[in-house]
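Undergrad: I have a structure here, written as structure tokens, and I will follow up with some questions on it.
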Amino acid sequence: MSPSFKAGAREGFRVCLPVSVGLVPWALVTGLAMVSAGFTPVQAMGMSFIVFGATAQLGTLPLIVIGAPWWLILATALVVNLRFLIFSAALAGPLAGGTLLQRWLCGYLLTDGVFATCLERLRSDADPAWRLGYYLAPSLWCALVWQSSTLTGVLAAGAIPRGWSLEFMASIALLVLLVPMARVRPMLVAMLTGGVLSVLLRGLPLRLGVMVAIVAGIAAGFATEHLQKKAEAR
Amino acid sequence: MNYDASLWLTFILIGLATLLPRSSFIVLGQRASLPEAVQKALRYAPAAALAAIVVPDVVLVNGAPDVFNPKLGAAIAAVLAVSLSRNPWLPFIAGMAVLWGLR
């Protein structure tokens, strides 16, 4: 490890410490939700390490519980993860100095919090080794906080009676993600379209209604953005 | 509820659907890039997908919409808690309290 990697690592750790604290309630809830879905502790921690993504885990849990077809689960996970394509595109330049293995690790560890906190300095610092340390150290730290808090949630869930409906915590967690997004008008339109259509089309075979609702929601958000731009230009 | 070994296959599918978008451009490097219009449209994907999953969860009772069910009350309490406070625990406390209170 070069001195500049270490310097970057220290700085990245320092700026991301608050973000990592914010992960704790999330990870606890994700752990509780997986056990409430009927997973054993081993299955729950297996999912946590294989997927390492709260949105994909919480989003697919209700589908796994109702025994939805594998392709719907796969498609849903892909759709909620599409944002990572954009994050990954933004990080490609700053992390280009890493080896192939390091870059796969960077990809696996990519989280919203570290991305949002670190992107600016990652784009402006000229030293590739410093940038790699500045990204990898807080990402590894967040993964450690995440997995240990998830494990705490998984173990705690066993002590809680089923009648408490703790699986509803997963729905609350998804709502907590949605609320800040809803502050932007086109995003709110995408949400309302997706949510309402998903209820209205619940009768479609193979649960195709969910897919149709998602695609329509994306289109509605995109269209609203265009209409807003046109109105502003006038 | 019990799951068979196919649950692990499901985890691997979800894992790939998470790892591949995350690693895509970081691993490919600058050899590839994403068109501007695609980037814009993709921003709406998580919002549309999460809403499509959570709204039926909160609104439907035994497959039919019910606007007076405890889950909807709990969801409203959670949304209010996120909007009015920065405390990360409050939405969960408020939501579960209302859920238990209304039942």
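Undergrad: With the crude spin-label approximation of a point 7 Å out along Cα→Cβ, what separation in nm comes out for residue A:226 versus residue A:165?
TA: 4.2
Undergrad: Is there a quick way to get the dipole size of chain B? I mean about its Cα centre, with the Cβ of Lys and Arg at +1 and of Asp and Glu at -1; what is the value in debye to the nearest 20? Numbers along the way, then the final one.
TA: Working: 7 positive and 4 negative charges, 67 e Å.
Using only the charged Cβ atoms, the result is roughly 320 debye.
Undergrad: Is the C-alpha gyration tensor of the stretch A:103-234 telling us rounded, prolate or oblate? Criteria: a/c under 1.5 is rounded; beyond that, a/b larger than b/c is prolate, otherwise oblate.
TA: Note, shape of the stretch A:103-234 comes out oblate.
Undergrad: Taking a point 7 angstrom from the Cα of residue B:39 along the C-beta vector, which residues in the stretch B:10-28 have backbone N less than 14 Å away?
TA: Only B:25-26 pass the distance filter.
Undergrad: Quick one: among B:12, B:53, B:93, which has the greatest mean-square fluctuation in a GNM of chain B with alpha-carbon springs under 10 angstrom?
TA: Maximum fluctuation in the GNM of chain B, among the listed residues, is at B:12.
Undergrad: For peptide A:207-214, what's the mean number of Cβ atoms from other chains within 10 Å of each residue's Cβ?
TA: Mean partner shielding for this stretch: 3.
Undergrad: Enter the Cα centre distance for the pair the stretch A:108-136 and the stretch B:22-37, rounded to the nearest angstrom.
TA: Using only Cα atoms, the two centres lie 16 Å from each other.
Undergrad: Rounded to the nearest 20 debye, what is the charge dipole size of the stretch A:3-166 about its Cα centre when +1 sits on each Lys and Arg Cβ and -1 on each Asp and Glu Cβ?
TA: Details: 9 positive and 5 negative charges, 19 e Å.
In debye, rounded to 20, the stretch A:3-166 gives about 80.
Undergrad: Quote the charge dipole size of the protein assembly as shown about the Cα centre in Debye, to the nearest 20; the model charges only the Cβ of Lys and Arg (+1) and of Asp and Glu (-1). Each step should come with its number before you reach the end.
TA: Values: 23 positive and 12 negative charges, 107 e Å.
Its charge dipole is roughly 520 debye.
Undergrad: With runs of 4+ DSSP H residues as the only contributors, calculate the mean residue ellipticity of chain A at 222 nm using -39,500 (n - 2.57) per run, divided by the residue total and rounded to the nearest 500.
TA: On the way: 10 runs with 188 residues, N = 234.
Dividing the helical sum by the residues of chain A leaves -27500 deg cm²/dmol.
Undergrad: Using the Kyte-Doolittle scale, find the helices of chain A whose mean hydropathy is at least 0.5 and whose Cα atoms extend 30 Å or more along the helix's long axis, counting only whole DSSP H runs.
TA: Qualifying helices: A:3-36, A:70-92, A:128-157, A:208-233.
Undergrad: Using packing as a proxy for protection, rank A:219-228, A:127-136, B:75-84 so that the peptide with the highest average count of other Cβ atoms within 10 Å comes first.
TA: Going from most to least packed, we get A:127-136, B:75-84, A:219-228.
Undergrad: Which whole number gives the average, over all residues in A:54-63, of C-beta atoms from other chains lying within 10 Å of the residue C-beta?
TA: Neighbouring Cβ atoms belonging to other protein chains average 4 per residue here.
Undergrad: Please give the calculated 222 nm ellipticity per residue for chain B, where each DSSP H segment of at least 4 residues contributes -39500 (n - 2.57) and the sum is spread over every residue; nearest 500 deg cm²/dmol?
TA: After summing the helix terms and dividing by residue count, I get -23000 deg cm²/dmol.
Here, each number is a calculation from the coordinates, and none is a lab measurement. Because the structure is predicted, anything quoted here is derived from the model rather than measured. All Cβ positions, even for glycine, are placed from backbone atoms using ideal geometry, and neighbour counts span all protein chains on display.
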